[in-house]
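The values are calculated or read from the model by the stated rules, or taken from the named source; none is laboratory data. Here the structure is a predicted model, which means the values were calculated and not measured. So basically every Cβ, Gly included, is an ideal-geometry build from the backbone, and we count neighbours across all protein chains shown. Just so you know, the surface numbers come from the protein's heavy atoms only, side chains and all, with ligands and any DNA or RNA stripped out. Shrake-Rupley method; radii C 1.70, N 1.55, O 1.52, S 1.80 Å.
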Amino acid sequence: MGAHRTSARTAPGLAIALLSGFAFGLAGPFAASLLAAGWSPLAVALGRLAGTAVLLVVPLGVVVARGWRPRAGHLRAVAVYGLVPLAGAQVCYFSAVGRLSVGVALLIEYTAPVLLLAWTWARTAAQPRPATLLGAGLAIAGLVLVLDVGRGAAVDVIGVLWGLAAAVCLAAYFHLSAGASEVDGPPGIVLVAGGALVGSAVVVLVGVVGLLPLRATTAPIDLAGATAPWWVGVVLVAALSTALAYLTGIAAVGRLGSRLASFVGLSEVLFAVLGAWWLVAQRPTLTQVTGGALVVAAIALIRWAEVPVGM
């Protein structure tokens with residue numbers, strides 16, 4: 001009976017996790033269509049975050065109506081989540097997408113587990129397991145192939161730096177998520193909705209003070225070879241690649257546990273590459289595909305070797 005109940009939860013959980021990976025993976029292609037139409041990365045991030053905040057108003061209201069009230073530390077958790085994993089990661093990733101292909105930008109961002117590993121090693125002086133070090137080496141080798149350095153391909157250094165900054169934000173997200181499991185944190189819907197509001201405010205502030213350009217146009221976008229109004233891209237990146245992606249991700253973790261869900265979440269890279277190929281005609285080379293496979297294998301190896309905090 002126990003095995004049957006576990007299977008009954010695992011099968012739908014896998015489907016939900018794959019849906020989440022699919023939704024997350026299409027954020028890059030949707031953003032690329034807006035960037036090509038003249039949007040700045042900051043404006044794309046604002047459209048994604050503000051749209052998500054609007055879409056989650058009703059679910060958030062339901063949670064509050066059922067009696068949820070903020071406790072000590074909740075507001076700080078929401079503020080940090082909105083500042084780093086949401087606003088920071090979106091601005092940096094979309095800035096990278098503006099200079100690199102979607103697949104390359106995402107794979108650079110996904111070196112986050114390697115950065116988190118290095119930070120933990122430096123902070124605790126606890127040497128990682130051999131399998132973890134092997135995974136880190138594979139990730140670096142894969143990244144070199146993804147950038148196509150061996151064939152003398154021109155590398156956009158600024159784009160790579162934006163991608164690495166996104167990786168730092170993603171590493172912070174992993175760290176914050178691990179810490180959240182140890183305390184009585186806010187519900188997932190509160191964290192995402194509240195974080196989207198905070199992130200939107202941060203993005204607007206960055207644009208108003210002139211740190212980065214905040215520019216949007218009403219020019220039509222090109223998706224899968226068809227022309228669509230600009231708002232279609234905004235709605236898709238907010239509704240599908242943020243609200244749906246995060247909520248299904250939370251549901252998947254509830255059914256599968258964070259460790260298995262994180263493995264299935266690697267499907268985001270595959271969906272991003274296929275989506276970019278289909279939606280914005282960004283076709284990867286064989287060398288980049290090989291490098292991407294190495295990076296994904298490396299991340300899987302690191303997650304298998306290192307027992308997540310709080311589990």
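Residue-wise test of (1) among the acidic types (Asp, Glu); (2) farther than 14 Å from residue 243 by Cα; (3) out of contact with any Gly (no Cβ under 7 Å at 6 or more places or on another chain); (4) not in a helix (DSSP H, G or I).
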{"residue": "44", "(1), (2), (3), (4)": "no, yes, yes, no"}
{"residue": "48", "(1), (2), (3), (4)": "no, no, yes, no"}
{"residue": "54", "(1), (2), (3), (4)": "no, no, yes, no"}
{"residue": "60", "(1), (2), (3), (4)": "no, no, yes, no"}
{"residue": "75", "(1), (2), (3), (4)": "no, yes, yes, no"}
{"residue": "86", "(1), (2), (3), (4)": "no, no, no, no"}
{"residue": "99", "(1), (2), (3), (4)": "no, yes, no, yes"}
Practice task
Only residues in region 10-34 that are over 16 Å from residue 163 (Cα atoms) and open to solvent by less than 40 Å² (accessible area, probe 1.4 Å) count as the first member; pair them with residues that are modelled with pLDDT under 90 and not in a helix (DSSP H, G or I), Cβ under 9 angstrom, at least 6 apart or cross-chain, and list the lot.
Solution key: 13/257; 17/265; 20/265; 21/265; 21/266; 30/223; 33/223
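Could you tell me whether any residue of region 142-156 is part of a helix (DSSP H, G or I), touching a His at 6+ places or on another chain (Cβ under 8 Å) and without any contact (Cβ under 8 Å) to a residue 60 or more places away in the chain?
First pass over region 142-156, keeping only residues part of a helix (DSSP H, G or I): 142-146, 149-151.
When the remaining residues are screened for being touching a His at 6+ places or on another chain (Cβ under 8 Å), the result is none.
Within region 142-156 (the criterion being part of a helix (DSSP H, G or I), touching a His at 6+ places or on another chain (Cβ under 8 Å) and without any contact (Cβ under 8 Å) to a residue 60 or more places away in the chain), the answer is no, since none of the residues qualifies.
Going by the structure shown, is residue 248 surrounded by fewer than 21 Cβ atoms within 10 Å (Cβ to Cβ) and either at pLDDT below 80 or more than 20 Å from residue 63 (Cβ to Cβ) (or both)?
Details: surrounded by fewer than 21 Cβ atoms within 10 Å (Cβ to Cβ): yes; either at pLDDT below 80 or more than 20 Å from residue 63 (Cβ to Cβ) (or both): no.
No.
Specify which of the listed residues (273, 289, 235, 269) is open to solvent by less than 30 Å² (accessible area, probe 1.4 Å) and within 20 Å of residue 32 (Cβ to Cβ). It would help to see each step written out before you state the result.
Numbers: 273 fails: open to solvent by less than 30 Å² (accessible area, probe 1.4 Å); 289 fails: open to solvent by less than 30 Å² (accessible area, probe 1.4 Å); 235 fails: open to solvent by less than 30 Å² (accessible area, probe 1.4 Å).
Exactly one of 273, 289, 235, 269 is open to solvent by less than 30 Å² (accessible area, probe 1.4 Å) and within 20 Å of residue 32 (Cβ to Cβ), namely 269.
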Handout entry: residue 218 being without any contact (Cβ under 8 Å) to a residue 60 or more places away in the chain, surrounded by fewer than 21 Cβ atoms within 10 Å (Cβ to Cβ), outside any helix (DSSP H, G or I) and in contact with a helix residue (DSSP H, G or I) (Cβ under 7 Å, 6 or more places away or on another chain)
Key = yes
Practice task
For residue 77, work out the one condition from (1) of a type in the set (Gly, Ala, Ser); (2) out of contact with any Lys or Arg (no Cβ under 7 Å at 6 or more places or on another chain); (3) closer than 30 Å to residue 222 by Cα it doesn't fulfil.
Solution key: (3)
Handout entry: Lone unmet requirement of (1) assigned to a loop (DSSP other than H, G, I, E, B); (2) crowded, with 21+ Cβ neighbours inside 10 Å for residue 68
Key = (2)
Problem - Within region 221-232, considering residues that are in contact with a Leu (Cβ under 7 Å, 6 or more places away or on another chain) and part of a strand (DSSP E or B), the one least open to solvent (accessible area, probe 1.4 Å) - result: 221
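Please determine, by comparing only the residues of region 35-50 that are under 17 Å from the mean Cα position of the chain (by Cα) and open to solvent by less than 20 Å² (accessible area, probe 1.4 Å), which one is nearest to residue 280 (Cα to Cα). Please lay out each step first, then the result.
Let us first name the residues in region 35-50 that are under 17 Å from the mean Cα position of the chain (by Cα), namely 41-42, 44-50.
The next check asks that each one be open to solvent by less than 20 Å² (accessible area, probe 1.4 Å); those that pass are 42, 44-45, 47-49.
Values: 42: 20, 44: 16, 45: 19, 47: 19, 48: 18, 49: 22 Å.
If we take residues in region 35-50 being under 17 Å from the mean Cα position of the chain (by Cα) and open to solvent by less than 20 Å² (accessible area, probe 1.4 Å), then 44 is nearest to residue 280 (Cα to Cα).
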